[in-house]
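Structure, as structure tokens:
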Amino acid sequence: MTPNVLKIARLPDMLNERLFAEHAVLEGNEQGSELGAHAAGIRALVANGESKVSRELLGRLPNLEIIVVFGVGYDGVDVAAARERGIAVTHTPDVLTDDVADFAMALLFGIARRTGPADRFVREGKWSEGPIAFTRKVSGARLGIVGLGRIGQAIARRAAGFDMQIAYYGRRQQPVDYRYYDSVKDLAANVDFLVIAVGGGAGTFHLIDAGVLQALGQDGYLVNVGRGSVVDEAALAQALADKRIAGAALDVFEDEPRPHPQLLGLDNVLLTPHMASATWATRKAMSDLTLANLAAHFAGSPLPTPIPA
Ligand code: NAP
Ligand code: 8YV
């Protein structure tokens, strides 16, 4: 069958199996170099939250109608270029919110209570030599959330269960009881834990820079489950190495899958491989929604989850 769906991202097996069973799929890449004679037949493109869907790639697909993103973040998609051509874009909001918020809390606890080093302490037989060093208390601490969207709000709800004092930064104040800061630097200066739950793109690029880290201070911790591009990773690595902040827990990086090399040698950082939404249940729900968007498009039905207008 002539392919009409182009897949350019790594997807879970459970989605691949159904995608290939239900559609005529061409395996390609972000450069569009595998298209050959199939380019004109491609009507749909399947990407993930980390994919780069550039104007150049879209230019190689003259009959593209829809970009289906497996993930809520679509900062890698050139939405302006898609809109100029009337190409629809869908994503997978809501279904992953709980997992990402859960994981943000896991990272926050992991870096504050040092669960990774504690595990190594036991395995390496150091326990018999004496007790482990004390760690940072979380309950009742001050939490700052950058981006109080679906995930940010879910993090706030969880943090409230730990009696944390919650504040946030965003482009606008929201009708919530949490304290609002219109400057991310001011927020950083007034919290113990700064959690990034905002997406990527030009508007948030290096929002967390050396100045914000300085404001967070030597007792402050940074947690990032948003996008790597939001944090100046070189500045962060230097701040951690100099102990100008207490620690950082990062699930996302500027150049995945390659964290800044300096981070790999530091003891005050917790690194995970962009896995906040990676549970079986959520990846199944994301897969279902991805396929539902694709099926709706080909059936001419309303798209379940288009990106916001
Ligand atoms: P969302 O509901 O759209 O929330 C995004 C929040 O960011 C909104 O509150 C928005 O508020 C704020 N925001 C947008 N642009 C901003 C800017 N320039 N400056 C400050 N705040 C800004 O999205 P979500 O579902 O919570 O997802 C958020 C992000 O999490 C995704 O885009 C993705 O990058 C990331 N994510 C990561 C993983 C992972 O595996 N680590 C998994 C899922 C999602 P205002 O419009 O009021 O400013
Ligand atoms: C996924 C994500 O890891 O939803 C997002 O924006 O970053 C994550 O849920 C990713 O999209 C799947 O590769």
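Here are the numbers for the structure shown:
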item	result
Solvent exposure of the chain as accessible area per residue, Å², 1.4 Å probe	48 Å²
For K52, solvent-accessible area (1.4 Å; no DNA, RNA or ligand), Å²	120 Å²
For the chain, built as a Gaussian network whose Cα springs stay under 10 Å, the top-fluctuating residue of G200, G71, G36	G36
The stretch 1-31 versus the stretch 32-93: alpha-carbon centroid distance in Å	13 Å
Dipole in debye (nearest 20) - the chain, about Cα centre, beta carbon charges: Lys, Arg +1; Asp, Glu -1	420 debye
Accessible-area order (highest first, 1.4 angstrom probe) of the listed residues W280, W127	W280, W127
Heavy-atom accessible surface of the chain: percent carbon and sulfur, 1.4 Å	52 percent
Ordering of 5-18, 140-153 by packing [mean C-beta count within 10 Å, highest first]	140-153, 5-18
Karplus (6.51, -1.76, 1.60) ³J(HN,Hα), θ = phi - 60°, over the stretch 297-305, in Hz, Gly and Pro reported as x	4, 5, 8, x, 9, x, 6, x, 9
Scattering profile of the stretch 97-271 at q = 0.09, 0.17, 0.20 Å⁻¹ [log10 I(q)/I(0), Debye over alpha-carbon scatterers]	-0.29, -1.01, -1.39
Ellipsoid equivalent to the stretch 141-209 - semi-axes via the Cα gyration tensor, in Å	18, 13, 11
Dipole of the stretch 17-137 [Lys/Arg +1, Asp/Glu -1 at C-beta], most positive-end residue of I132, V69, A47	I132
Cα-centre dipole for the stretch 97-271 with unit charges at Cβ (Lys and Arg positive, Asp and Glu negative), debye to 20	360 debye
The chain: projected area of the alpha-carbon convex hull, averaged over directions, in nm²	17.6 nm²
Dipole magnitude (debye, nearest 20) for the stretch 85-179, charges at Cβ of Lys, Arg, Asp, Glu	360 debye
Local electrostatic count at H91 - Lys and Arg +1, Asp and Glu -1, tallied over other residues with Cβ under 14 Å	-2
GNM flexibility winner over the chain from G265, G130, G49 (Cα, springs under 10 Å)	G130
Inter-label distance for S183 and R85, nm, one decimal - labels placed 7 Å from Cα along Cα-to-Cβ	4.3 nm
Those lysines that a straight Cα-Cα span of less than 29 Å connects to K243, excepting residues fewer than 8 apart in one chain	K126, K137, K185
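The values are calculated or read from the model by the stated rules, or taken from the named source; none is laboratory data. Keep in mind the model is a prediction, meaning the values are calculated, not measured. Every residue, glycine among them, receives a Cβ derived from its backbone with ideal geometry; neighbour counts consider all protein chains shown. To get the accessible areas, we keep the full protein, side chains included, count just its heavy atoms, and leave off ligands, DNA and RNA. Shrake-Rupley method; radii C 1.70, N 1.55, O 1.52, S 1.80 Å.
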